[in-house]
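Notes follow the structure.
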Amino acid sequence: MRYGRTTLSKFLIEQTRGDAALSDLAALLIDVAAAVKSISAMVSKGALGGYLGSLEVQNVQGETQKKLDVLTNEAMLANCEWGGLVAGMVSEELEEPYAIPGEYPRGNYLLAFDPLDGSSNIDVNVSVGTIFSVLRHTANAAPDATSFLRPGREQLAAGYALYGPSTMLVLTVGRGTHGFTLDREIGNFILTHPDLTIPADTSEFAINVSNERFWEPPIQRYVGECKAGRSGVRERDFNMRWIASMVAEVHRILMRGGVFMYPSFTKDPVRSGRLRLLYEANPMAMLIEQAGGAASTGRGRMLDVAPTNIHQRVPVVLGSSNEVARIERYHQEFDCGADQPYVSPLFNERSLYRQEAT
Ligand code: AFP
C-alpha cells in the first residue's frame, strides 16, 4: 500500500483478495463510493444547487424531510440497485425495505444506510455524512424486514462518508478501519488514513447537555465528573464537543480519541434515545471496534444487540475503550444500587427514579 497513491478500488481488491466469500463485496463498496461522490457534489453546491431547505413532508421518523434527504436517498438507491450485488436495502428515509426492481438481478448483500446524517445542519453549512452497513443475505427469496434484524457483529462491512472541508470515506471490511480522501480532480478516493487507531484514554466527551435533566444517573455521574475536572475524582480537566452530526463526532474520535454519548432519556421513555441501531449505531460500532475502541448501549456491547425492528433506536456510548468501560461500570453500579456514595443530589430520591426506570 503506497500512502497517497492507493485508490479505494485497489485497496478493496487487496483487502478481499483470496476470500471468495467477499469477492463481490469490493464491487458493492465501489458502488457505494459512486453514490457518495454524487452526494458530495450535491452537498458542496449548497444554495447554488437549489438543494437546501425542507419539504412539506415528514419521514418515517416523524422528522421534516430536507430536500437533500430525498435526493441523497435516491442517489444511494440508484447507484446500488442495478449491479446484481444487493438483495434489498433499508434506508432511514423509507418506512419499508426497498425491493430491488424486477429488471435487475438480486445479489447476496443487504445494505442499510442513513443517506444524510446530520441533515439538520445542512442549511447552516455544517459537516454532514452518509452512514452504511452491509450484511450477507443468505436466503434465495427476496428479503423482508426480518432479513435485516441481525446483530451488528454479523456485519461484513461498514462505513461513512463525511462531507466536510474535504470529503472522506472511512470504512472497514473487518480488517481495521481506514480513511480515504476524495481527490476531485481525478474523481478517486485515495488512501490517506490507513489503520486508524483510537487512544484508550481521552479527556474529550461529546453529548447534548440540554437533555441533562432526562439522563439516567450513570450518565449524570459520568458527565458530572468530567465537568468537575481536576477538582473532582477524575483529577484532570475535560473538554466538550457537540456538532449534532454523528458522523463528524465519530470521525473526530477516530482521529484523536474521545467518547460520544446519546443516551436514552426519560423525556420520551418509549424511545431508547435518538440514534437508530441498524444504520447508525451498528456501522459506527464496527468502525470504532475495528479501530481499537468500544461501542456500547451502556449496559452491553452494541454489536450484540438483537434488533427487533428496522428503525429501532438504541442508547449509544462509543469511543475510547477505558472511558466506555467506566460508563458501563457506572450503569452496573446503578442497576445494583451500588452507586449510592456517588449519586448526584438530583437523583437522591432513588426510589422515585427507580420506579420510573423499571
Ligand atoms: P439529523 O439527521 O436529524 O440532523 O439528526 C442527526 C443525529 O441523528 C446525529 O447525527 C446527531 O448526533 C444527533 O442526531 C443530534 O441530536 P440532537 O439534535 O438531539 O443533538
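Of all the strands (runs of 3 or more DSSP E) wholly in the stretch 231-312, which have at least 2 residues that are at pLDDT 95 or above and surrounded by 15 or more Cβ atoms within 10 Å (Cβ to Cβ)?
It comes to 259-262, 294-296.
Residue-wise test of (1) under 14 Å from the mean Cα position of the chain (by Cα); (2) farther than 30 Å from Tyr51 by Cα; (3) within 16 Å of the ligand (Cβ to nearest atom); (4) not assigned by TED's automatic domain parsing to the domain that holds Asp19.
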{"residue": "Ile100", "(1), (2), (3), (4)": "no, no, no, no"}
{"residue": "Arg106", "(1), (2), (3), (4)": "no, yes, no, no"}
{"residue": "Asp114", "(1), (2), (3), (4)": "yes, no, yes, no"}
{"residue": "Ser127", "(1), (2), (3), (4)": "no, no, yes, no"}
{"residue": "Gly159", "(1), (2), (3), (4)": "yes, no, yes, no"}
{"residue": "Leu169", "(1), (2), (3), (4)": "yes, no, no, no"}
{"residue": "Phe189", "(1), (2), (3), (4)": "no, no, no, no"}
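Please find, among Leu85, Leu135, the residue that is of a type outside the set (Asp, Glu), at pLDDT 95 or above and closer than 14 Å to Tyr279 by Cβ.
None of the other options fit; the residue is Leu135.
Hey, any hits in the stretch 65-86 for a residue that's under 16 Å from Ile122 (Cβ atoms) and part of a strand (DSSP E or B)?
Among the residues of the stretch 65-86, at least one is under 16 Å from Ile122 (Cβ atoms) and part of a strand (DSSP E or B), which makes the answer yes.
Tell me, please, whether a residue that is away from the ligand (no atom under 16 Å from the Cβ), in the same structural domain as Val209 (by TED's automatic domain parsing) and either at pLDDT 95 or above or not aromatic (Phe, Trp, Tyr) (or both) can be found in the stretch 341-349.
no
Among what's in the stretch 280-317 and is within 27 Å of Pro143 (Cβ to Cβ) and among the charged types (D, E, K, R), pick the residue that is nearest to the chain's Cα centre (by Cα).
Selected residue: Glu280.
The values are calculated or read from the model by the stated rules, or taken from the named source; none is laboratory data. Predicted model only: the values in this text are computed from it and were never measured. Quick reminder, even Gly has a Cβ in these numbers, built from the backbone with ideal geometry, and neighbours come from all protein chains shown.
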